[in-house]
């Protein structure tokens with residue numbers, strides 16, 4: 001089987017994936033980042049009454065048409081405590097921001113545009129336009145008006161709007177469930193005391209973080225030994241939990257100790273492909289097990305993370321009803337890079353900005369796919385398409401951004 005181009009691999013990963021239709025109703029405080037499952041209308045009108053946008057005086061415009069008009073204060077209107085009477089000729093009501101507009105008033109004059117006189121009287125120093133500083137009832141939205149729509153990602157502004165519309169809860173799509181299985185006799189969980197031939201399993205934490213960041217819940221299947229029965233039991237656990245995707249870490253090649261692919265095939269998986277024309281991350285396995293997509297990520301930590309960013313992130317977002325996310329940005333190289341071969345390279349790099357705002361990518365000298373420290377220090381990955389010629393400092397490049405430069 002020849003090496004598959006990255007773009008074609010991604011197309012095939014996403015081709016059969018369908019956003020899950022199930023929904024749940026959650027309290028507003030639990031809805032941040034969730035995707036709304038239905039068009040949602042206002043349960044009331046907002047504002048429910050004409051009110052003042054500023055502190056000042058509610059007046060009749062005809063009484064203040066000329067600067068220097070004198071008015072008598074007959075009461076006050078505060079938020080939650082409206083003035084109960086009606087404004088007459090030559091009268092004013094002291095009013096505060098958000099307070100209901102006094103009956104008979106049609107304008108608010110700012111307190112700083114008046115001077116206080118003796119005997120509850122004011123004199124105007126400015127003549128505002130009629131209707132100034134008044135928020136009309138329904139200015140924001142009317143009862144029954146649809147203001148949030150299915151597919152909206154619920155952020156701070158949309159949650160505030162939902163609360164203003166008097167919704168205590170919202171119907172949202174369920175998060176996709178991503179099952180993650182690490183494999184290998186050599187692996188131990190963090191906090192362990194590894195023996196001479198053992199290492200600490202780290203891949204699942206970064207892969208899970210990428211999935212969670214893109215709208216998924218995680219089913220951690222732990223570490224399976226290089227044993228067909230143990231691997232099959234973990235696969236069965238993912239199926240029993242109705243996982244939307246099974247992600248395996250390591251063991252997807254076809255060496256004597258790489259049992260993941262063959263075990264999954266014996267469990268009924270249909271293999272789509274398993275080798276990608278990319279570096280790091282060539283031994284990526286993609287298949288389907290009774291309708292559950294399977295992503296077999298490489299065992300080297302950096303390869304695993306890069307493949308998760310390129311394939312698991314867009315797959316998870318599609319399943320979660322989230323919009324596409326592009327991490328690709330333009331930059332200039334801060335160091336030379338050699339010519340590339342038939343594989344697409346993802347070169348770890350630190351990003352900086354020049355005084356004019358230009359983004360500079362500084363590739364690290366060491367690019368081994370086992371080096372998690374270099375990846376953690378990287379702000380982006382310089383994307384080098386197949387057969388790209390050597391590049392010099394200052395040349396344009398495309399970067400897959402991991403984070404904003406410090």
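A short reminder: the numbers here are calculations on the coordinates, not readings from a lab. What you see is a predicted model, and the numbers here were worked out from it, not measured in a lab. With ideal geometry, Cβ positions are generated from the backbone for all residues, glycine too; neighbour counts draw on all protein chains shown.
Taking R0 as 51 Å, what's the FRET efficiency between residue 185 and residue 155 from their Cβ-Cβ distance, rounded to 0.05?
So the FRET efficiency works out to roughly 0.70.
So what is the relative contact order of region 328-401, in percent, for Cα pairs below 8 Å that sit 6 or more residues apart?
49
At q = 0.16, 0.20, 0.23, 0.32 Å⁻¹, what log₁₀ I(q)/I(0) does region 318-357 have when each alpha carbon counts as one equal point scatterer in the Debye sum?
Ignoring solvent entirely, the Cα scatterers give -0.70, -0.87, -0.97, -1.30.
Pulled fully out, how much extra length does the chain show between residue 146 and residue 290, if you take 0.36 nm times their separation in residues and subtract their Cα-Cα distance?
47.9 nm
To the nearest 0.05, what FRET efficiency results for residue 166 and residue 368 with a Förster distance of 56 Å applied to their C-beta separation?
0.50
What FRET efficiency, computed as 1/(1 + (r/R0)^6) with R0 = 35 Å and r the Cβ-Cβ distance, is obtained for residue 271 and residue 225, rounded to the nearest 0.05?
0.95
Computed over the Cα atoms of region 51-135, what is the convex hull's projected area averaged over all directions, in nm²?
4.5
Can you tell me the 0 to 90 degree angle between the C-alpha axis of helix 203-213 and the longest principal axis of the chain, rounded to 10?
For 203-213 against the chain, the angle is about 30 degrees.
Treat each spin label as a single point 7 Å out from the Cα along the C-beta direction, and report the residue 70 to residue 232 distance in nm.
10.1
Working from Cα positions, state the angle (0 to 90°, nearest 10) between the long axis of helix 6-15 and the longest principal axis of the chain.
So the inclination is approximately 70 degrees.
Using only the Cα atoms of region 328-401, what do you get for the radius of gyration and for Dmax, in Å?
Expressed in Å, the Cα Rg and Dmax of region 328-401 come to 11.7, 36.
Normalised radius of gyration for region 92-132, please: alpha carbon Rg relative to 2.2 N^0.38 Å, two decimal places.
1.17
Would you mind pulling out the separation of the Cα centroids of region 147-204 and region 43-93, in Å?
Here the answer is 51 Å between Cα centres.
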